[in-house]
1. Rounded to whole Å and sorted largest first, what semi-axes of the equivalent ellipsoid does the C-alpha gyration tensor of the chain yield via the square root of 5 times each eigenvalue?
2. Could you check what % of the DSSP bridge pairs in the range 27-278 are antiparallel, to the nearest 5?
3. Quick one: how many lysine pairs does the chain have with C-alpha atoms less than 21 Å apart and a gap of 8 or more or different chains? Give me the count, please.
4. Enter the Cα centre distance for the pair the range 14-59 and the range 114-142, rounded to the nearest angstrom.
5. Would you kindly state how much longer the chain becomes between Glu146 and Lys288 on full extension, computed as 0.36 nm times their sequence separation minus their alpha carbon distance, in nm to one decimal?
6. Return one number: the angle in degrees, 0 to 90 and rounded to the nearest 10, between the long axis of the Cα atoms of helix 386-399 and the longest principal axis of the Cα atoms of the chain.
7. Can you list residues from other chains, or at least 5 along the same chain, whose modelled amide H is less than 5 Å from the amide H of Phe13?
8. Which loop-located GluC sites (Glu not before Pro) does the range 122-169 contain, where loop means any DSSP state but H, G, I, E or B and the Cβ has at most 12 other Cβ atoms within 10 Å?
Amino acid sequence: MLQPQPYNDLHLFNSLTRRVERFVPRDERVVSMYVCGITPYDVGHLGHALVYVAFDTLRRWLEFNAYEVRHIQNITDVDDDMVRVSRRLGLTIQELTDRNQQIYLDEMRALDVLQPEAYPRVSETIPEIIETVQRLIDSGFAYEVEGYVFFDVTRTPQFGVLAGLSGQALLDFKSDSMPEEPQHLKRNPLDFLIWQPCTDEGATFASPWGAGRPGWHIECSAMACRHLGDQIDIHGGGKDLRYPHHDSEIVQSEAASGLSPYSAFWLHNGTMGLAGQKMSKSLGNLVKVSDLLGEGHTGNGIRLSLLAVRWRDDRDFDRALLAASEETARLLERAAVAPGGPADQLRVQPYRNAFQAAMDDDLDTPTAIEVLRDLAQALLDGRVAGETGTPTLIELASVLGVRLRAE
């Protein structure tokens, strides 16, 4: 049986090296991809949708090019916010998690986001987390103080590689994702928490260092290792997670396994803002997918509006862009049922080539959308044969997660 040749034309911006590089996975036909998921203390917003649409599109493009993608996306159901909100609402942490995760799943289904291979929860990964923490202590990369366990960053001089900072610059770094930690117990102010004492119901687990729960960063390291192994091809998430979360993941994962790199490619999508300020649950300046759907917007239109800007660029929510994207969706939908022109000599092939070139160029989805618009108009004008143009339009649109069904 004839085997397809390995595909190696995709180029992606790697946050680790700060340049666009040719993507080549460790396995010729399988790509491992871990994407930081939701913390379901509240419902999500369009900034979250941007993350998962971006990485879903990457997954679709890899699968379109004959890769098997092992895609894992975690659920952070053990953290300060989960404890705080569940207590305020009178719910167990599991009840809060189940409720908000279902809302998230419904919204992602409306945007045609494919489900990953697994949605591991922190609460289901405690044995692996404890094992990893113990391994770090035994190897001298971590230390225990009064039931707290900290990672010793002095053992890993590369700490801060994603942030591109070190020393005092890391101490001065400001981020709304910085967790509160007991600084007075640390040997070094940059050391970070990997286990802490806790007595909160639903978030407390027995450990060699006393009852407690894991720190934020160690959770993802353990879940990624459990499902994908010690080394992965792609680690993704929003750019606000580069430091401290992902920088901490790198040093603790490589210290625990003794292998480097932990992830060959680090991909960080841009942020979604509202009136010039980053959209976030803590600030409450949210645009929700469910609200947009309730206003009559479509999954195709919302998804196209998210892909109308390059995946790693920051952007503000723009109602004019959303309206234009809805019009694009209607154009594609009309073209998918148009008769097209008479049989031709594969006039559709240049559109396929242009789409492939755009997607291989660091997932240039704005250009890819323009190619689809041009093909749709050609079908409506009868300049491309329906028998070749229609299936091509439907197939390439599906790469962007846009659902077109010819009648």
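Each reported figure results from applying straightforward, stated rules to the coordinates on display, with no laboratory input. No experiment lies behind these values; they were computed from the predicted model shown. Here Cβ is always computed from backbone atoms with ideal geometry, including for glycine, and neighbour counts include all displayed protein chains.
1. On the way: eigenvalues 346, 111, 64 Å².
Equivalent ellipsoid semi-axes, largest first: 42, 24, 18 Å.
2. On the way: 13 of 30 bridges.
So the antiparallel bridges amount to about 45 percent of the total.
3. Values: Lys174/Lys186; Lys174/Lys239; Lys174/Lys278; Lys174/Lys281; Lys239/Lys278; Lys239/Lys281; Lys239/Lys288; Lys278/Lys288.
Number of lysine pairs found: 8.
4. 20
5. On the way: separation 142, 0.36 × 142 = 51.12 nm, distance 4.21 nm.
Taking Glu146 through Lys288 to full extension adds about 46.9 nm, to one decimal.
6. 10
7. Glu21
8. Values: sites: Glu124, Glu128, Glu131, Glu144, Glu146; in loops: Glu146.
Sparse-neighbourhood loop GluC sites (Glu not before Pro): Glu146.
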